[in-house]
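Take a look at the structure below.
The values are calculated or read from the model by the stated rules, or taken from the named source; none is laboratory data. Given the structure is predicted, the values throughout are model-derived calculations rather than measurements. Neighbour counts are summed over all protein chains in view; Cβ atoms, including those assigned to glycine, are modelled from backbone coordinates with ideal geometry. Heads up: the accessible areas ignore ligands, DNA and RNA and are worked out on the full protein's heavy atoms, side chains in. Shrake-Rupley method; radii C 1.70, N 1.55, O 1.52, S 1.80 Å.
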Amino acid sequence: MEKIAPLNSADVPKEFSIFKLHLSCFEKGWTGEKVTAETYRSSTGRIFSLIRHLDEMDKTTRTDLLIDDEASLEEIDGLLDELLSESNIGNLGWLYQVNLQSKNFDYVIQSIERRIGSKHKQNPEKFDHFMFLAPLSIQDKIAVPQGYILDPLSECHAEPISVQWAIDIDFGHAPHLTGFVLKNITERPCFGIFTTTASKELVAWLCFYSGGAAGMLHVREGHRGKGLARVLLRHTLEVVREVHGEECRVHACVKKDNTASFKLFKSEGWELQPVNYKKMFFCIPGKE
């Protein structure tokens with residue numbers, strides 16, 4: 001496996017739309033974290049590319065992978081040998097996330113689990129998602145319903161949002177998510193809908209991730225069915241387009257069991273992609 005000059009987003013096939021956008025965000029400086037991009041070529045000319053996301057301690061917390069669907073399993077193993085060498089495994093953060101669009105997803109994840117699991121004796125948690133792309137057309141603005149106001153989220157909202165997000169994704173480490181939520185709130189467009197009462201209660205929210213995705217969408221019970229999620233989605237998309245231009249096509253990853261969000265994105269004209277987007281979280285014992 002030969003390391004070559006990093007791939008450009010313009011050269012990424014459109015069927016790998018998630019990686020294409022992640023790489024474009026990296027090239028244009030839209031990522032807040034420390035990020036590096038690498039590209040490899042096998043002896044048969046198959047191209048593999050990856051984006052590493054590092055934390056403040058230079059620990060790898062996430063890898064976005066582009067794997068040629070025509071690559072053999074042996075070539076995929078060659079890439080993983082580079083990605084997960086002994087030293088690289090030792091430099092993983094407590095939570096290591098892998099993002100991948102590939103027909104060989106299950107094989108890749110099993111191979112990663114075998115490499116990490118043999119050292120850490122920990123099975124990862126798997127989340128299976130649909131991936132939507134935002135519509136190309138500009139949607140009309142819609143008013144915030146009476147009794148509510150829309151405002152940017154503040155740092156004080158990071159903890160309650162992380163607690164709810166841990167419940168939504170069935171993840172048991174809410175305290176560890178707070179820093180991630182806070183990073184989104186302070187670095188990118190994140191909005192909430194609040195009641196107009198004296199307490200100004202936060203009842204709905206949506207964040208924008210560094211990789212170009214809208215996420216963490218949630219509306220509290222008692223405030224559903226009023227179009228709050230639709231308001232948040234359109235407003236966030238409008239702000240992102242104003243800052244980054246029409247070429248930035250925002251995407252969203254929706255868990256397959258989230259029927260309400262699935263219906264919302266479909267009704268808003270977001271396009272369901274033919275290749276499912278999947279990700280895996282590996283929790284590394286001793287680093288929590």
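Exactly one residue out of Thr178, Thr186 is farther than 18 Å from Phe265 by Cα, of a type in the set (Ser, Thr, Tyr) and loosely packed, with under 14 Cβ neighbours inside 10 Å, and it is Thr186. Taking region 34-93 as the range and being among the aliphatic types (A, V, I, L, M), within 18 Å of Phe105 (Cβ to Cβ) and free of Cβ contacts under 8 Å to residues at least 40 places away in the same chain as the test, the residues that pass are Leu50, Ile51, Ala71, Leu73, Ile76, Leu80, Leu83, Leu84. If you filter region 234-252 down to residues that are open to solvent by 40 Å² or more (accessible area, probe 1.4 Å) and either modelled with pLDDT of 70 or more or polar (S, T, N, Q) (or both), you find that the one that is nearest to the chain's Cα centre (by Cα) is Arg249.
Identification of strands (runs of 3 or more DSSP E) wholly contained in region 1-114 with 3 or more residues that are surrounded by fewer than 21 Cβ atoms within 10 Å (Cβ to Cβ) and not polar (S, T, N, Q) yields 2-4, 34-41, 47-54, 92-100. Only one of the numbered conditions (1) touching a Cys at 6+ places or on another chain (Cβ under 9 Å); (2) of a type outside the set (Lys, Arg); (3) surrounded by fewer than 18 Cβ atoms within 10 Å (Cβ to Cβ) is not met by Ser199, and that is (1). Remark: pairs (first residue in region 191-202, among the polar types (S, T, N, Q); second residue at pLDDT 90 or above; Cβ separation under 6 Å; 6+ apart in sequence or on different chains) = Thr195/Glu201; Thr196/Gly147; Thr196/Ile149.
Would you check if Leu136 is outside any strand (DSSP E or B), over 21 Å from Asp77 (Cβ atoms), of a type outside the set (S, T, N, Q) and modelled with pLDDT under 85?
Criteria met by Leu136.
Please verify whether Trp30 is over 26 Å from Ile116 (Cα atoms) and among the aromatic types (Phe, Trp, Tyr), treating the condition exactly as stated.
yes
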